[in-house]
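Reviewing the structure listed below.
Only the coordinates and a few stated rules stand behind these numbers; no lab work does. Since the model is a prediction, treat every value here as computed from it, not as a measurement. As a convention, Cβ positions derive from the backbone with ideal geometry for all residues, glycine included, and neighbour counts pool all protein chains shown.
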Amino acid sequence: MRQTLLTILLLVTLFPFQDAAAAARSEAPSDLEPDSGSVVCPPGVYAAAPVDCLPLGPSEYLTQVAGTGIPYPILPLPAYSPDPGLNDLPYHYFKVTDAGAPLYTSLEAAAANQPSSQVLPPSNYLYVSYQGEALPVGQDAFYQLRSGYWIRAEGGRLGLFDPPFQGLLFSSQPRYSFGWVLETVKSRSAPGLNAPESGNTWYRYNVVQIYDTQTVDNITWNLVAPGEWLDARHVAGVDPHTTPPEGVTASRWIEVNLFEQTLSVYEDNRLIFATLLASGVEPFWTRPGAFQIYQKVVVGPMSGFTEADRSDYYYLEDVPWTMYFDDKRALHGAYWHNGFGYPRSHGCVNLSIGDSHWLYDWANEGDTVYVYDPSGQTPTDASSYGAGAP
């Protein structure tokens, strides 16, 4: 009898402790002890609260950042700059005055003011290629053009842009979309024009990765860093992919995005190069479609007009690294402007000197040039297009 009572007393005594232990196991660590004195987790991303440490401080911040789509650690874009020597050209350029200019067969003819029958007509786009320095003749000075003619040194020598813009080469496929900032702009702490500014400023040609995209008040915003959103209109983006677009049957192609004003090059279904471009302005759009490069020209002149009154006449000597793909529309270097990222041509795809040189070396006649406008704003009706021009 005494043994039975002792057994009952022991069981009654143990049950409360077992219930307390079970309750303790069901409670979170923060419920068992105050935060002060608790173990803080090592910096990292914690999708679920751990039981042996508190995910506070750096861990809390990193977890919040990861929730926005930015990974930890933040990986750099797997890209590097092309050879800067690709920017070099053996030519010197000169912008002729808008009123046009006579050409002379010799310095003696220039001194006697006896122009040849060859005259450069008035235009806002008259660029000639000269050799040597300007030589004085009386009160004037003259350049000798590579064509052999002499021209009065009125106007201005054209220095190539320093530093020159160049795109990016890729060592591996990028994980995220990326792009170039087109102008000086301040980022915001959240998507929307009413969101506070982050305090950071981005500048033209800065490269950003795009981790998320949201539309607020009909404006698209790109998340480019933790707590930093940029209006997508200020970013020319590239969305890498690994499958050819419709109409492309090979594993290598050139892709021209008219909306973003970017060019991407794919080989073995992998992005290997990307850059900014300047395509045709309205109504001289660059025509969407899949085309093949049918002729490559190292250097040569380009001239012509599209308006009946010749008001848009242009004359450009020694245009480098040209790849024709759609009638007179071509990929080529543009030494006369630095406006890449914005439409400004007569239908051609303008590239920087270094980018056009790299592309010329890579491309073969027969390679596909896929031109598209994801916004649908560029006309696709063939009747909207002429032959095209630079």
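Tabulated data for the structure shown
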| item | result |
| --- | --- |
| Among 343-351, 377-385, 203-211, the order from most to least packed when residues are scored by Cβ within 10 Å on average | 343-351, 203-211, 377-385 |
| Summed residue charge, Cβ within 13 Å of LEU331's Cβ, Lys/Arg positive, Asp/Glu negative | -3 |
| Highest average packing first - 294-301, 188-195, 250-257, Cβ atoms within 10 Å | 250-257, 188-195, 294-301 |
| Qualifying aspartates and glutamates (Cα of each under 14 Å from Cα of LYS186; at least 8 residues distant if same chain) | GLU197, GLU228, ASP231 |
| Aspartates and glutamates whose Cα lies under 12 Å from that of LYS95, excluding same-chain neighbours fewer than 8 positions away | GLU154, GLU317 |
| Label-to-label distance, nm, for residues given as ALA190 and ARG146 (7 Å Cα→Cβ offset) | 5.7 |
| Long-range amide H partners of THR306 with built H, under 5 Å | ASP312 |
| Assigned charges on the beta-carbon of Lys, Arg, Asp, Glu; the stretch 90-158 dipole about Cα centre (debye) | 180 |
| Highest-first arrangement of 76-89, 277-290, where packing means the average Cβ count within 10 Å | 277-290, 76-89 |
| Alpha-carbon spread of the chain, three principal axes, descending order, Å | 140, 47, 38 |
| 24 Å Cα-Cα reach of LYS296 towards lysines, excluding residues that sit fewer than 8 places from it in its own chain | LYS328 |
| Relative contact order %, the stretch 253-384, counting alpha carbon pairs below 8 Å whose residues are six or more apart | 34 |
| Ranked list, fewest to most other Cβ atoms within 10 Å of each Cβ, for ASP162, ASP312 | ASP162, ASP312 |
| Angle in degrees between helix 2-26 and the longest Cα principal axis of the chain, rounded to the nearest 10 | 10 |
| Added length on full extension, which subtracts the Cα-Cα distance from 0.36 nm per residue, ALA47 to HIS241 | 67.0 nm |
| For the chain, calculated [θ]222 nm from helices alone, where every DSSP H run of n ≥ 4 adds -39500 (n - 2.57) | -4000 deg cm²/dmol |
| Cys residues of the chain counted as unpaired, since no other Cys beta-carbon is under 4.7 Å | CYS348 |
| Amide H partners (placed H, <5 Å) of ALA141, local residues excluded | ALA153 |
| Helix axis angle, 353-362 relative to the chain longest principal axis, alpha carbon, degrees | 80 |
